[in-house]
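Novice: First the structure, then my questions, so here it is.
Readers should treat all values here as calculations from the given coordinates under stated rules, not as data from a laboratory. In this text the structure is predicted, and so the values were computed from the model without any measurement. In this analysis, Cβ positions are derived from the backbone assuming ideal geometry, glycine residues included, and neighbour counts consider all displayed protein chains.
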Amino acid sequence: MAETALLSLVQTYLAAALQSPAPKTVGVAEPQSADELPAIVLVLESTARTGNGLGERSALVTGALNWIVSIDLANPVLPDDLSFVLLDDARRNLILPHGGQVKRDGTAGPLGPADLNVNVAGADISVVAGTPAAGQVSADPVAGKLAFGTALPAVGIARIGYFLGQWEQRVVRVKGILRTDICGADAATVVSLADAAVAALASAAAKNAVAGLRRIELTSLGSVGASEHTAGVRRRTARFSFDFESEDNRPDSSGGTIVRIPIASRLDDGTVDSATAVGMG
């Protein structure tokens with residue numbers, strides 16, 4: 001999601017950029033004790049996306065997209081269709097939600113340990129090219145199927161990581177107000193850290209470090225508040241308006257599971273009288 005991606009990127013940037021003074025924590029959690037101060041709390045006070053699809057665009061991308069799925073072995077069904085069972089009756093053949101898997105470098109071919117990661121109930125399963133033995137698994141990358149050497153357990157989680165050769169990449173544009181609350185035990189610390197944080201976010205380095213950040217501008221900078229009851233925090237708030245673009249990769253265009261559709265056919269039995277038959281001739 002674009003909004004959470006922005007918060008995560010800003011958190012990483014500020015944690016690295018602010019060295020002197022340096023906050024003990026940067027993130028979306030409020031400080032709960034004095035040993036967590038000074039801290040910077042990030043809040044998206046308001047956000048908006050361009051409506052009617054005008055703020056989004058998508059493109060078909062090829063390469064190698066790392067994707068991870070978790071399958072509940074007690075109920076191995078397709079999330080979008082709970083009637084579609086991913087595991088056969090012998091519990092040795094597992095259908096993955098996507099086909100069209102490729103090697104780590106994006107090329108086609110048999111998958112090896114570098115291209116496929118399989119963990120069942122906490123135990124790693126070895127990936128082999130041939131017929132799997134106990135503790136091993138082989139893959140049909142085109143169909144998106146795994147064959148196990150032994151039956152999978154009745155309970156537990158199968159966690160599988162693989163690479164997809166084709167996917168949809170959507171670009172979402174978000175704008176809004178980013179609020180930064182600079183928290184400390186005393187006014188001097190709060191002022192010093194707030195000045196450093198504002199300078200870091202308003203600098204050209206912010207747009208280079210925060211991928212997708214197109215614009216960020218300071219809109220308000222408050223005073224240092226009185227001591228709050230929680231942890232004796234004193235707080236100063238700075239607000240920034242921003243424009244941000246986020247890339248959202250989704251395997252919508254990858255080969256997915258094929259649902260079998262039952263078809264009932266009926267042949268009506270009828271008779272043709274001789275007069276009609278002659279006329280048709």
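Novice: Only Lys, Arg, Asp and Glu count, each charged at its Cβ (+1, +1, -1, -1), so figure out the dipole size of the chain about its Cα centre, rounded to 20 debye.
Specialist: That gives the chain a dipole magnitude of about 680 debye.
Novice: Putting +1 on Lys and Arg Cβ atoms and -1 on Asp and Glu Cβ atoms, find which of TRP167, ASN119, PHE84 reaches farthest to the positive end of the dipole of the chain.
Specialist: TRP167
Novice: Test of understanding: ordering PHE240, PHE84 by Cβ neighbours within 10 Å, fewest first, what list do you get?
Specialist: Listed from fewest to most nearby Cβ atoms, that is PHE84, PHE240.
Novice: Follow-up. For the range 76-125, what is the per residue volume of the convex hull drawn over the alpha-carbon atoms, in cubic angstrom?
Specialist: 110 Å³
Novice: Shifting gears a bit: Report, largest value first, the span of the C-alpha coordinates of the chain along each principal axis, in whole Å.
Specialist: Extents along the principal axes: 104, 58, 38 Å.
Novice: Okay, moving on. Among DSSP beta bridges lying fully in the chain, give the percent that are antiparallel, nearest 5.
Specialist: For the chain, the DSSP antiparallel bridge percentage is about 95.
Novice: Summing -39500 (n - 2.57) over the DSSP H runs of n ≥ 4 in the chain and dividing by its residue number, what mean residue ellipticity at 222 nm do you reach, to the nearest 500 deg cm²/dmol?
Specialist: -5000 deg cm²/dmol
Novice: A further question follows. Sorted from fewest to most neighbouring beta carbons within 10 Å, what does the list VAL198, VAL127, VAL77 look like?
Specialist: The fewest-first ordering by Cβ neighbours comes to VAL77, VAL198, VAL127.
Novice: What are the extents of the Cα atoms of the range 61-168 along their three principal axes, in Å, largest first?
Specialist: Each principal axis gives a Cα extent; for the range 61-168 these are 36, 31, 21 Å.
Novice: Grab the beta carbon distance between ALA59 and ALA151, set R0 = 35 Å, and tell me the FRET efficiency rounded to 0.05.
Specialist: Calculated value: 0.25.
Novice: Which one of GLU168, GLU247, GLU217 has the biggest mean-square fluctuation once the chain is modelled by GNM with Cα springs under 10 Å?
Specialist: The residue with the greatest mean-square fluctuation here is GLU217.
Novice: When HIS229, HIS98 are ordered from fewest to most other Cβ atoms inside 10 Å of their Cβ, what list results?
Specialist: Exposure proxy ranking, most exposed first: HIS229, HIS98.
Novice: Continuing with the same structure: Helix 2-17 versus the longest principal axis of the chain: what angle, 0 to 90°, nearest 10, using Cα atoms?
Specialist: Taking Cα atoms only, the helix is inclined about 40 degrees.
Novice: Follow-up. Give the residue from SER33, VAL61, ALA202 lying farthest towards the positive end of the charge dipole for the chain; charges sit on Cβ (+1 for Lys and Arg, -1 for Asp and Glu) and the dipole is referred to the Cα centre.
Specialist: The residue sitting most towards the positive pole is ALA202.
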